[in-house]
Structure formats: structure tokens, C-alpha cells
Amino acid sequence: MAFSKEAKNTQRAFFALLQAGLWERDVELQDCGDIDFAEVFRLGEEQAVLGLVAAGLDHVKGQKPPKEEVLKVIGKMVQLEQRNSAMNRFIGELVSRMQKEGIYTLLVKGQGVAQCYERPLWRTSGDIDFFLSDENFDKALEYLTPLAQNVDREESYSRHIGMTIDPWIVELHGSLRCGLSSKMDKVIDELQEDSCGKGNVRIWKDGGTDVLLPEVNNDILFIFTHFLKHFYKGGIGLRQICDWCRLLWTYKDSIDIALLEQRLRKMGLMSEWKVFGAFAVEYLGMPLEAMPLLNENDDSTASTGSVTGSLQVNDRLRRKAERICSFVMEVGNFGHNRDTSYYSKYPFLVRKAISMGWRIGDLFRHARIFPLDSLRFFPKLMFDGVRSAVKGE
């Protein structure tokens, strides 16, 4: 896909502001050339990282966006803060009520990982995701169903069900399986037992409520495998990868690197970890030394040849990271840039056939980045697609 010079400048400015907001550091935009700032902010919304781009504005030196564009963004940040504050209150109240009913639940992703940001209220919020054991899943479903305006049909393999409790979408997860490979899902089940069965958790103080979050070594893999699932099954946005980076950064001094490597190798995901780590360093400004397992004694990093002997991502990983960037920017957050009008035009089985066509195309594209794993995941992806079609999920 060819881009004009202005489009390239605009994308450079977008990533520069994103990095400035993600790490709260100064940035200069004059080197980016002519910039369409309205497009910069549109990209921020499309990738669900407008809050980070807005935070980056506080660190701009030199060339600044037009005042009218900045005022529009400020207005959206006020609304985002209000939404996140309201969501936090809802979570605290709901979790407190569930605890009184003897329902043990963990909050995953979302507002929990938002606490790793410098400005938690500026993270674009989505759904409220609760992670529960089998017993607590059943109890939560029974307790919450009367409070909901509608309840979706349960997905059997992942044991997932969504509901709307005005105005919030609440999702119950009895499992965080990805459905990419049995090796992955086996480790995820072990992490679930450690989190829900053994109570290995950390606590977010949400007002007066102790909201339970997965212990950090488990949470890192929950978040990583979650966005990897979306990468292979339709598309991911930058917000999900930023969440991963901020979690790694916040807990960089307490991560069990040996355990992380053991689990990644057991799942067969070292290649994905290194490539997405390279993407985080190259495009999101993640400090190289804070990205675990990227600076191993293999070909992941190479000397810059400078006097300091500092490291940088090598050319092979940089090329793969560039392909990741192209895919993320093209498909948008959760693949929202794709034309989904066929959902309202065609019957269920035709819709499934079209979505499977997208998936097959993506797998061929991803094979340029992860050739072995794209082939390894393909059979299960197709099997699960056929199974969900048969069950009408």
C-alpha cells in the first residue's frame, strides 16, 4: 500500500505523540514535515489510544497542532475521564455486591491494567471483563442475569458470555483460552488454576473495594495471549499492545523472567514474543532493556557499533515488526476498519464463510512473519470456525 509524503509524515507524528504520551517524555514534531493533525487524532481514535496521543501534546517542543484541533481533543478527554470514573465506580460497587454474595471474581484487562498508566483515566475503556472459576461463573451468571437488560448466548469452548447492565457491557470468562493451539490453552488453564484456584492475585483499591487482579506474572501472559488471539483471528489495535508494554514497565523489577521464558517455550510462543517485543521497541518507544527476553544472547539484538556498545533490534526482527505495524494500522482496533456490512446482508452461514475467508487471507499474510506458527494454528482455527458455525455461535 503506497502512502503520500504527507500521510507518511502524519503517521510519524502519530507515533511520536503516542510514544510521548505512553512514556511521558518530550517530543519534537518539526522533523516530521507537513502534518495533518486532524488525521493524527483520527488515528488515535481508530486505534483506541487517543488519550495517549493527547497526553503526548503536553510534551511537544517546537511545532504544535492547531489550537482548534487541540480544543476538540481536550473536550474528548474530559468525556473520557468522566466515563472512566463512572466505570470505576460501577466496578467497585458491583464487585462489592458480588463479594457479599460469596462470588470470587478477578477483573482482567481494562480498568485493572489501566492503573499501570501515568494517566489511568485517559486510557480508552472498553468492556468490563470478569474472570471466574467454574463454580463462581455459575453463581455470577445467576446473580447478574436479573440485573441485565440482555444476555448473550454462551460460547462453549472459551466459556464466555456477555451481558449489558446499563450502560456497561459486562463479560464473564470461565476461561481465557485462545483457541490457537492445545499447547497454549493447556498453559492458560494452568495460569487460571494458579489465579482462581490458588488465589495468586494482586489488589487494585477501587474506592473502598478491593478489586482482585491476576498476579503480574500470570497477567502478562493473559494480556499477551489475548492480543495474539486477536492478531490471528481478525485484528488488533495499538491499545492492547500498549497495555502489555505498560504492565511490563510497571512491574519490570518483579517479573520472574525465568518463569516467563519457561511458559513461553511451553506454549511455543517465543517467536511471537520477540517480534511483538521488537514492535514495541521500534514503534512504541519501549525501552529495550525493559522488554524481557528480547536481549538474549541470540540474534534478537545487535550492536549499533557505537562507542557505548548499546543494543538495537536487529534487521530481521525490524522487518517483521514493520509488517506487524502495517497490519495493525490497516485493520484497526479489533479489525474495525474492515467492511463488515455483510453481517446485515447475508444469512449466518454465508457470514461465517466470508469471515473464514478473511481469516485464511490473514494467515497467509501472517506466514511472512510467523511461518511455522501460522501453519500450526491453521487447522485449529478452521476447526473452531466450523464448530461455531454448526453450533450457531
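For region 162-215, the residue among 172, 203, 184 whose Cα projects farthest onto the positive side of the dipole built from Cβ charges is 184. Residue pairs exceeding 25 angstrom between C-alpha atoms, taken from 8/233; 100/186; 8/229; 109/274: 8/233; 100/186; 8/229. Each label point was placed 7 Å from the Cα along the Cα-to-Cβ direction; for residue 152 and residue 186 their separation is 2.9 nm. What the Cβ-Cβ distance of residue 166 and residue 210 gives, at R0 = 22 Å and to the nearest 0.05, is a FRET efficiency of 0.30.
Between the residues 148, 106, 79, the greatest Cα displacement towards the positive end of the dipole of region 66-338, with unit charges on the Cβ of Lys, Arg, Asp and Glu, is found for 79. Modelled label positions at residue 318 and residue 365, each set 7 Å beyond Cα in the direction of Cβ, lie 2.4 nm from each other. When you filter the GluC sites (Glu not before Pro) in region 112-219 for DSSP loop state and at most 15 other Cβ atoms inside 10 Å of their Cβ, you are left with 118, 154. Computed over region 1-112, relative contact order equals 25 percent, with contacts defined as Cα pairs under 8 Å that lie 6+ residues apart. Computed about the Cα centre, the dipole magnitude for region 66-338 is approximately 640 debye when only Lys and Arg (+1) and Asp and Glu (-1) carry charge, each at its Cβ. Restricting region 12-97 to trypsin sites (Lys or Arg not before Pro) that sit in a DSSP loop and have at most 15 other Cβ atoms within 10 Å of their own Cβ leaves 25.
Only the coordinates and a few stated rules stand behind these numbers; no lab work does. Computed from a predicted structure; not experimentally measured. Positions of Cβ are generated from backbone atoms using ideal geometry, with glycine treated the same way; all protein chains shown enter the neighbour counts.
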